[in-house]
């Protein structure tokens, strides 16, 4: 559905240095990378909002010279960017020609906001606003949906629920999606495949499993949440506390998840994460070993 | 090049402007009269001119006399119209030196006035005199002559206009130059006696003067000899006696001329209009419309003129070239004396 | 390269957009002023130099600067509290007060000065004679210019996100600190922009100085008028005009102009005052401002009904039965002429000023962009007399003879109104979130549709402010208009001055009656334009 070939873009200096990527119909691909790595630029290039080099094809059709409004590509931005002078229905229906109240209602149902049509957008919570933005982006039935850090502005609790909701909606519609995020959990939850973007090039494209189990390099390893010790990547359950372990570490933080304590610690300038059966206070000195 | 840039803009605006220039047709049927804001004539008098000659008159009013004359000088050769009316004897020389006029003098004006101003036609005369508030001077004598103003009993009572910015102000200065034995000393004494100087006639008459429609505190003002008649004719009750009066002494005679503008599109029409300005119909209309005296001796004036604003008996008459020769120096000297 | 995209605001596009106001200024401002200077130099440089070495010239310049600075400060002192109260609180008569403050701004300065003379002149109602003193000028200037600060600052305040200030207060800032550290930095650029306008206005003040200055106080503008219109000393006039221009440019360089700060989305930030302290504060400011604005206006209206110390409608009767003479002012024709030229000039000023604002908002602030920005203010700081005369010189002879067409008046008025439009629109355009247009584009809407359905409604409040200003400025414009006479019907301000130039109590009353009409028309138009902004949200 989407084909990128040697796509480049630059502002004052090159931001994208030749991106090759294919997204199949109905597939959700998520670009993962640090802030400022060119992720948003890539999406904006696909949408036609920034000039770019290389080839961009949507549904087999080259996008050279096609202005954004004729690309049939939908986009959801980091901030909801709902039009403040229109109500919820006005926002959702903005891209519909001719006006189609039934479709607006249907889209609101889909995102779980039935009956919100006449509400002013300033009365919505952050999560509701993002749902409206999603409904608005989906209403004109785009061939491809671009999500630019769609949950970036939301708090953690809200985000977890919303990501699943959005994923459900996108799957239901069989939507082809290219999303970008800097949050690996979000990427892993949402995506069929994840593409890691670093300094304007894609360093690895694969399923979450592949990234987790066979990271292409230590950069990808760290990005997906693996711990790197002496040039090798380890999953949290591969690292344990051991009085005679080879590494000395200082605990920097801990969280409790699903019955386990996840502890993070610093080892020789690296951050490692391991599973532990008890809570360790930050500052504690421990020794670690790998299995 | 710059002008080329303007063209699209002009075209765009002209398209939506209701006063867009009309396409010139020949022969001209329009006479454009350029004049000052105080010009006025009865519409039926203009209609009569149109009926007689077939010319329609368009009036362009362009500020006060100074502005009209200066604009005319700046556009000498490519004038804004065909006839200029309103240049007076204080400005005439400058206008003529500036090449504003094409020589033409209509027949029928009094010889003395006509001879003093070859190339143009005198149409009316006015006089700048002291005016006073009759109510204020109900029990005490008003000044009999400008020379009286330096006396202690008239301390802080007089307001005059700056001759550098006001035509009556200049007229009054010229009258003192002409009639006071030592005009510089006279002004020093006036200053010591608390004379107030303001920039324009409106300010002096309405804001500083206490008589008639004035709302100020000073009962003596430099104004026109016809101001008392105007007070009567423009008051609520035209039957009531005038609240102000003029002092018939050392009044300065202003003569207003009409001339054909050099480069006029319709010089023939311009000459016809100037001829018409000396006709009985036009002359009879002048006094009532513009509060000046028609030059033709037997022309009609309103009754209030005869009662309150008779022409001054012995006005100061200065030839245009005499004024032109001295005015700048006099104004500079005056400014130095008055600290303006 | 794929270049046909919405996000591509390349320097080519910006240059093209900015070319509109630059060409407009070059043709209508630089060319005329150059024409005046050229004529001034035609007799050699001696005439111009003579003025510049005259100590009196520098005295006048000093006084001009002093009175303008004092007037600006006085205006700010009164207008800032008024703007804060009008923008921040809901109270009865708020809409009326908003409209009312704009009325003085439109009144011919000669009429305003006369009203002030009636209040603070030799026989003033208030019992103090401030004529001939700088304080009289300052008061009148403050009255005339309140609207500039109240409106510009008010527009900035209305786009502020109240959460910002609330957030600051949650962080422990006192109310005053929150205002000083959060609100003020956000609105300061607007205050600076408004101050610059007020200063320039006072710097080139003419009518007020002529009447209230009592012949004793003189500004450069008055000197220029005397030199051009009366003495025909064009070398002197040109020298003074250049001096004025240099002073204005210097001031613009010193003041510069602030970048506006992007605030969050905001709606109406106003609320009812709470507690007796707040209520009395609001009431005090509202009543004070209203009195300040209304008193001189009432004096004008009152005097239209006063003939020879008696109440009478004679002035109105004369105005409405003008009689069969050519000099008779037909009030309705004057109203129509005023509306016609003002509407045309406003449209032109909006087009040119809008292009300027878009161009300025599109670019990152470089030096040349800043100089364009500063240059756009120049017409405000330049003598209307010079511009009017220059236009006459530049466009008064074939092949471009625009005299007698009425077009020059429209152009001159647009020139005066354009800086306001730029001042008001640029900060808003700069902080307008262009991603809204991108949203519209990816929703399949054409750029044109997006401009109409998204940008226009969101920027409407700002646009209405700009239109209101432009309209008001053009409606009251007199200086250049009076120089560019046409055979068409006179505009109301010109008609008023013609009435004032004739003697007689009834004629004076008629002049005030015409002024009252001008006042009412302004109020109606301004209130009407304000109604247009009913659209609820504003986002920047």
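The values are calculated or read from the model by the stated rules, or taken from the named source; none is laboratory data. Remember, it's a predicted structure, so these values are computed and weren't measured experimentally. No Cβ is skipped: glycine too gets one built from the backbone with ideal geometry, and neighbour counts run over all protein chains shown.
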Could you say which residue among C:396, C:390, C:363, C:381 is over 30 Å from residue C:508 (Cβ atoms), buried (at least 19 other Cβ atoms within 10 Å of the Cβ), within 13 Å of chain B (Cβ to nearest Cβ) and modelled with pLDDT under 80? C:396
When only residues in the stretch B:221-242 that are more than 8 Å from every other protein chain (Cβ to nearest Cβ) and surrounded by fewer than 24 Cβ atoms within 10 Å (Cβ to Cβ) count, which is nearest to residue B:195 (Cα to Cα)? B:242
Taking the stretch B:13-37 and the residues there that are modelled with pLDDT of 80 or more and buried (at least 20 other Cβ atoms within 10 Å of the Cβ), the one that is nearest to the other protein chains (Cβ to nearest Cβ) would be B:37
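Yes/no matrix, rows are residues, columns are (1) part of a helix (DSSP H, G or I); (2) touching a helix residue (DSSP H, G or I) at 6+ places or on another chain (Cβ under 9 Å); (3) surrounded by 24 or more Cβ atoms within 10 Å (Cβ to Cβ):
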| residue | (1), (2), (3) |
| --- | --- |
| C:436 | yes, yes, no |
| C:448 | yes, no, no |
| C:451 | yes, yes, no |
| C:464 | yes, yes, no |
| C:474 | yes, yes, yes |
So which of C:149, C:187 is buried (at least 21 other Cβ atoms within 10 Å of the Cβ), under 28 Å from residue A:84 (Cα atoms) and modelled with pLDDT of 85 or more? C:149
Please specify each residue of the stretch C:402-421 satisfying the condition of being facing chain B (nearest Cβ under 10 Å) and at pLDDT 85 or above. C:410, C:411, C:414
What number of residues within the stretch A:86-103 satisfy the criterion of being assigned to a helix (DSSP H, G or I), within 27 Å of the chain's Cα centre (by Cα) and within 13 Å of chain C (Cβ to nearest Cβ)? 2
Among A:237, A:230, which is the only one that is under 26 Å from residue A:196 (Cα atoms) and under 27 Å from the mean Cα position of the chain (by Cα)? A:237
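Okay, residues lined up against (1) in contact with a helix residue (DSSP H, G or I) (Cβ under 9 Å, 6 or more places away or on another chain); (2) within 14 Å of chain C (Cβ to nearest Cβ); (3) over 27 Å from residue A:173 (Cα atoms):
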{"residue": "A:4", "(1), (2), (3)": "yes, yes, no"}
{"residue": "A:15", "(1), (2), (3)": "yes, yes, yes"}
{"residue": "A:21", "(1), (2), (3)": "yes, no, no"}
{"residue": "A:29", "(1), (2), (3)": "no, no, no"}
{"residue": "A:32", "(1), (2), (3)": "yes, no, no"}
{"residue": "A:41", "(1), (2), (3)": "no, yes, no"}
{"residue": "A:46", "(1), (2), (3)": "no, yes, no"}
{"residue": "A:52", "(1), (2), (3)": "yes, yes, yes"}
{"residue": "A:59", "(1), (2), (3)": "no, no, no"}
Whether any residue in the stretch C:107-127 is closer than 24 Å to residue C:516 by Cβ, buried (at least 24 other Cβ atoms within 10 Å of the Cβ), at pLDDT below 85 and more than 14 Å from chain B (Cβ to nearest Cβ) is what I want to check. yes
Within the stretch A:213-228, does at least one residue satisfy the condition of being farther than 22 Å from residue A:150 by Cβ and part of a strand (DSSP E or B)? yes
Evaluate the stretch B:168-190: report whether one residue or more is out of contact with any helix residue (DSSP H, G or I) (no Cβ under 8 Å at 6 or more places or on another chain), more than 9 Å from chain C (Cβ to nearest Cβ) and assigned to a strand (DSSP E or B). no
Kindly indicate whether any position in the stretch C:40-49 is part of a helix (DSSP H, G or I), surrounded by fewer than 12 Cβ atoms within 10 Å (Cβ to Cβ) and modelled with pLDDT of 75 or more. yes
Would you call residue C:160 touching a strand residue (DSSP E or B) at 6+ places or on another chain (Cβ under 9 Å) and at pLDDT below 80? yes
Members of the stretch A:142-159 that are over 20 Å from residue A:39 (Cα atoms), at pLDDT 90 or above and either more than 10 Å from chain C (Cβ to nearest Cβ) or part of a helix (DSSP H, G or I) (or both): A:143
When (1) surrounded by fewer than 22 Cβ atoms within 10 Å (Cβ to Cβ); (2) facing chain C (nearest Cβ under 9 Å); (3) part of a helix (DSSP H, G or I) are applied to residue B:48, the one that fails is (2)
Flag for residue A:246 being in contact with a helix residue (DSSP H, G or I) (Cβ under 7 Å, 6 or more places away or on another chain) and in contact (Cβ under 8 Å) with a residue 12 or more places away in the chain: no
Report the residue count in the stretch B:180-217 for those that are at pLDDT 95 or above and within 14 Å of residue C:118 (Cα to Cα). 0
State which residue is surrounded by the most Cβ atoms within 10 Å (Cβ to Cβ) when the search covers only the stretch C:16-32 and only residues that are away from chain B (no Cβ under 13 Å) and touching a residue at least 60 places away in the same chain (Cβ under 8 Å). C:18
Could you please tell me which pairs satisfy a Cβ distance under 7 Å, a separation of 6+ or placement on different chains, a first residue in the stretch B:89-100 that is more than 12 Å from chain C (Cβ to nearest Cβ), and a second residue that is in a loop (DSSP other than H, G, I, E, B) and buried (at least 19 other Cβ atoms within 10 Å of the Cβ)? B:89/B:318; B:92/B:117; B:92/B:120
Given C:456, C:440, which one is within 14 Å of chain A (Cβ to nearest Cβ), more than 18 Å from the chain's Cα centre (by Cα) and crowded, with 24+ Cβ neighbours inside 10 Å? C:440
State yes or no: is residue A:83 in contact with a helix residue (DSSP H, G or I) (Cβ under 8 Å, 6 or more places away or on another chain), assigned to a loop (DSSP other than H, G, I, E, B) and surrounded by fewer than 24 Cβ atoms within 10 Å (Cβ to Cβ)? yes
Checking residue C:260 against (1) at pLDDT below 80; (2) assigned to a helix (DSSP H, G or I); (3) closer than 30 Å to residue C:432 by Cα, the condition it does not meet: (2)
Identify all residues within the stretch A:35-63 that are loosely packed, with under 14 Cβ neighbours inside 10 Å and more than 13 Å from residue A:144 (Cβ to Cβ); write none if there are none. A:35, A:36, A:62
So for the stretch C:81-91 (the condition being closer than 30 Å to residue C:291 by Cα, assigned to a loop (DSSP other than H, G, I, E, B) and at pLDDT 80 or above), does at least one residue qualify? yes
Among the residues of the stretch B:63-79, the number that are within 9 Å of residue B:100 (Cβ to Cβ) and not in a loop (DSSP other than H, G, I, E, B) is 3
The condition from (1) surrounded by fewer than 16 Cβ atoms within 10 Å (Cβ to Cβ); (2) in contact with a strand residue (DSSP E or B) (Cβ under 6 Å, 6 or more places away or on another chain); (3) at pLDDT 80 or above that residue B:3 misses is numbered (3)
